[in-house]
Amino acid sequence: MEQGFFHQFLTIIAAAVVVISLFRRLGLPPILGYVCVGTLLGPYALGLVSNDDSIALLSELGVVFLLFMLGLEFSLPRMIAMRRTVFGLGSLQVLGTTALIMGLATLAGLPFAASLIVAGALALSSTAIVTRELIGRSEINALHGRLSVGILIFQDLAAVFFLILVPTLGSDHSSLDLQALIPTLLQGGAILVVLLVFGRTLLPRLLNEVAKSRSDELFVLTTLVAALTAAWLTHAAGLSMALGGFLAGMMLGESRYRHQLEADIRPFRDVLLGLFFVSVGMQLNLTALAQNGHWVLLLTLGLLLLKGSLIALAAWLLQRDLPNALRAGICLAQGGEFGFALLTLASSHQLIGSELHAQVVAIIILSMLATPLLIRFSASLSRRIHSPRTSSAEPALSAPLPADLEEMSDHVILCGYGRVGQVITRFLQPLQIPYITIDSDPRRVQQAAAAGERIYYGDARRTDLLKTLGSSRARLLILTFPSDNDALSALHGLKHHFPDLPVLVRTQDDSRLQELQDAGATEVIPEALEGSLMLVSHVLTLLDIPRDAINSHIDQVRQERYRLLHGYYQGGQPKRDPARAEILHPVVLPPGCHGAGHSLNELHIGAEVESIRRGDALLSGISMDTQLADNDIVILRGSVRAVERAEAILLAG
C-alpha cells in the first residue's frame, strides 16, 4: 500500500469519527455525515484527500456492498405478500417520476442520456433514512409506513436496472443502444441463473462446513469471497459489479444463515458504505454549488413538491386513503443513496458533466437533510393539505360516538389496540367491565370494528380526544404504546387535565420507569420484568415453595418498584441507553488504589453500592460509613456512565 493512500485513508477515518459522532448527537443520519466528510476533505474544499484511483476503487467497492446489503434483505415471500404495493404502486411511482423529470430535463436542454440518468437518480428515495425514521417513530407498520416500504423495495430493484442500463447508453448520448442492451440483459439473465443455481446447491454446503468450524473470521471471509466473486463474474460478463453484489446478497439472504451473516458483517459493511458516501461527498463541487446555489435550492424544493405529489397521487389511486397517501408522499419525496451510486457510475462513463453531477448531488443531499423533519411533521402536514380549513385541529375520532358514551362512567379507556391491548380486552369482556379503545392504525381499527369491538381511530396523545371519551368519568386509562416517548407525551397532557385519573403504562423494559412515574403514571408495568417474575414464580413452584410465600415475595418486588430486578451483569450484550439503563458491575480494589482506606461517604462515587465482598464473606449492613479495604470487591449498581465514573474514582480518585 502506498504511503500517500494510507495517509488519505487515515485522514478520512479520523474525520469520520468526529463528524459522525456530532451528527448522531444532532439526530442527523450518519450517511449525511459521511458525505460532509468527503465534501470537506475533498479536492473542492480543504484538498486533504485527492480523488485518485484508490478512492475510486473504494467507491466502487462501496456500491458493491451497498447492493449486497440490499440482497441480504431481499425476501421473496415478502415480495409476494406485498406484490400489489411493490409492483403496482412501486412501478407506477418510478415510471411516472422518471418520465416527468426526464421530460422536464429534456425541455431544459439536457441530452437524452443525461436526462435519463438525472431522472433515474431523483426518482429513487433514501431507503436508509426513511426506514430508520419510520422505525424510530414506530410507524413502520402503519399504513403510510407499509406504503413507503413497498415503494422503497421496488425502487431498490429499479436501482439495479438503472445500474445495468447506464453502460449501455449510446455513445452519442441521444438514445439507448438497444443492440448492446439486449445482449447485456441476456447475459445478466444467464449470470443470474448460474449464480442462483450455485447459491442453492454449492453455497449452502460450503456455509455448513464453515459453520461447523465455529470461526467468526472464517464465516466473514467466506461471505466476502462469495460477494466479491459474484461481483467479478458480473463484471467479466460486462455488467455492473454492483449487480453481482446484489445477487450474492440475495443468495445468502435466502439461506438459514442470513441473520448470522447480518450480525457478523454489519460493522464491516457499514464502514465500506461510509467510505462510499465519503467518495460521493468528494465529488461535490462547492464552487459550482456556490455559483448556482439559488437554482439548487429552487430545484430541491421543486423535487420535494413534484415527487411527493406524484407518490401521493399514485398511493391514493391504489388505496383511496388520501391522508396516508399524502404521508407516504411526504416520506419519500427526497432523493436517495442509490442516486449517488447511479451518478457516480454515469460520471465514470462520461455521460454527465462535473457541474451537472455536482448540482444533482447537492439537490439529493439537501432533500435528504430535510427528510427527518418532513417525516416528523408528516401527520400535521397531511392534515393541512387534506383539510386546510380544519388543519388546526385533528378530527377526534374516525366515526361518530354512540349516544351511550355520554352516560358512560367508571369505564376503562384503552389507548392502543396491539397485542397487549387485545389481551386486556379479552379479560375485561367476561367481567362485563365497560371499556372503549382508540388506536392510530386505521386498518386495525377497521378490522376490530368489523368484529364488533368498540374501537375508534385517533391519537391518544390529544387531550381533546380523551375528553370526548369521558376521561373525567373514567375509572382507569391504560397506555400500551410501544414507544416510551409517546407514553410520556400522553402522560404530560393527562396529568394536567385529568390529575385524578389513574393511568397504567405498559412499557417494554425498566429503562425509563422513573421518568414515566414522575410524569404521572400511577403504575408502570415493564413487560420484561413481569416476564421474569412469572418465570421465577414457576421456578419456585417446581421447587415446592408454598404458594403464599411465592406471592409474598413477588408482591414485595412489585411494591418496591422492581428494585430487586434492576441491574444485571451485561457481558457482551449491546448496551441500552447509557443514561438510563441500570447495570451491575464488580470492581476489584487492588492494593494502593484510591478507594482502599476510605469510607463510601468520603469517596462520593455517585453510583449505588449493591454489595461488598471481602474475602469469602459478603459484608452486611453496608452504610455510607463503611470503610473499604485492599482486595475488596465492590459491586456497583447504576447507569453505564455512573458506574464508569464510580469505578474511576475507586481506582484512581
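Derivation of every value follows stated rules applied to the coordinates shown; laboratory data play no part. Computed from a prediction, not measured in an experiment: that's the story for all the values here. All Cβ positions, glycine included, derive from the backbone under ideal geometry; neighbour counts span all protein chains shown.
Structure notes:
- Computed extension gain for Leu651 through His7, at 0.36 nm per residue and net of the alpha carbon distance, reaches 228.1 nm.
- Per-residue ³J(HN,Hα) for region 598-603, Karplus 6.51 cos²θ - 1.76 cosθ + 1.60, θ = phi - 60°, Hz, x for Gly and Pro: 10, 8, 4, 5, 6, 7
- Annotation: amide H-H contacts under 5 Å for Gly638 (H modelled 1.01 Å from N, sequence separation of 5 or more, or interchain): Ile583.
- Computed log10 I(q)/I(0) for region 403-521 at 0.11, 0.12 Å⁻¹: -0.33, -0.40, from the Debye equation with unit scatterers placed on every C-alpha and solvent omitted.
- Long-range amide H partners of Thr507 with built H, under 5 Å: Ile525, Glu527
- Tensor-based shape of region 452-494 (alpha-carbon gyration tensor, a/c under 1.5 rounded, otherwise prolate or oblate): oblate
- Here Leu206 and Phe161 are evaluated by their C-beta separation; at R0 = 30 Å the FRET efficiency comes out at 0.50.
- Per-residue Cβ neighbour rank within 10 angstrom, fewest leading, Val225, Val412: Val225, Val412
- Rg and Dmax of region 501-546, based on Cα coordinates, read 13.8, 41 Å.
- Over region 82-154, relative contact order from alpha-carbon pairs under 8 Å, at least 6 apart, %: 46
- Each of Leu147, Leu195, Leu619 has some number of other Cβ atoms within 10 Å of its Cβ, and from fewest to most they run Leu619, Leu195, Leu147.
- Net length gained if the chain between Asp555 and Gln627 were fully extended (0.36 nm per residue, minus Cα distance): 22.5 nm
- Kirkwood hydrodynamic radius of region 582-633, from inverse mean 1/r over distinct Cα pairs, in Å: 11.4
- Gap separating the Cα centres of region 478-533 and region 613-653, nearest whole Å: 33
- A simple spin-label model places the labels of Thr287 and Glu217 4.8 nm from each other, with each point 7 Å out along Cα-to-Cβ.
- Ranking Ala617, His594, His604 by Cα position along the charge dipole of region 583-640, where only Lys, Arg, Asp and Glu carry charges on their C-beta atoms, puts Ala617 farthest toward the positive end.
- Using the Cβ-Cβ distance between Ser354 and Leu305 with R0 = 35 Å, the FRET efficiency computed as 1/(1 + (r/R0)^6) comes to roughly 0.80.
- Under the Karplus curve 6.51 cos²θ - 1.76 cosθ + 1.60, θ = phi - 60°, whole-Hz ³J(HN,Hα) for region 505-520, x wherever Gly or Pro sits: 10, 9, 9, 6, 8, 9, 5, 10, 4, 5, 5, 5, 5, 5, 6, x
- Using the Cβ-Cβ distance between Val18 and Leu317 with R0 = 56 Å, the FRET efficiency computed as 1/(1 + (r/R0)^6) comes to roughly 0.75.
- Taking amide H as placed 1.01 Å from N in the peptide plane, Asp632 has its amide H under 5 Å from the amide H of Leu589, each at least 5 places away in sequence or on another chain.
- Vicinal HN-Hα couplings computed from phi for region 530-539 (Karplus, 6.51 cos²θ - 1.76 cosθ + 1.60; Hz; Gly/Pro x): 5, x, 5, 5, 5, 4, 4, 4, 5, 4
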